[in-house]
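Below is one structure; the comments refer to it alone.
The values are calculated or read from the model by the stated rules, or taken from the named source; none is laboratory data. Keep in mind the model is a prediction, meaning the values are calculated, not measured. Note: ideal-geometry Cβ built from the backbone for every residue, glycine included; neighbour counts use all protein chains shown. The area values use the complete protein model at the heavy-atom level, side chains included, leaving out ligands, DNA and RNA. Shrake-Rupley method; radii C 1.70, N 1.55, O 1.52, S 1.80 Å.
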Amino acid sequence: QGGREESLKHNMLLAFDSLVAKLDALYIDYKASSPAGFEDRINYWHDKCGMDVGLMKRMHKLRIWANAARHQDRDRWLRNGPHSQEDASR
């Protein structure tokens, strides 16, 4: 169980960081005025750059999962992380 959980955490961090990098590149013209924090930046991309609402919602979910993985707090991971690999894949 522990190995699968660690793998899932790693995948959530990798997916989030990769997607943020791609979106930073896509919205490069807005980079100077983009907020530094991820929650605010995702909202900014939606409000100012035209990010689709569905993508915004998925990004916030992935942000929450990545935060739970990043902070090495198992209770937080169990509370906020995906419940399964299938849940994470959606």
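Observations on the structure shown:
- CD proxy at 222 nm, helix term only [per DSSP H run n ≥ 4: -39500 (n - 2.57); per residue of the chain; nearest 500]: -24000 deg cm²/dmol
- Angle between the chain longest axis and helix 38-49 axis [Cα atoms, degrees, rounded to 10]: 40
- Within the same chain, aspartates and glutamates fewer than 8 places from Lys48 are excluded, and of the rest, those with a Cα less than 19 Å from its Cα are Asp24, Asp29, Glu39, Asp40.
- Helix 2-26 vs. the chain, principal-axis angle (Cα, 0 to 90°, nearest 10): 10
- Ellipsoid semi-axes in whole angstrom, largest first, where each is sqrt(5λ) of the Cα gyration tensor of the chain: 26, 12, 11
- The calculated FRET efficiency for the pair His71 and Lys48, based on their C-beta separation and a Förster distance of 25 Å, comes to about 0.30.
- Average accessible surface for the chain: 64 Å² per residue, computed with a 1.4 Å probe over protein heavy atoms with every protein chain in place.
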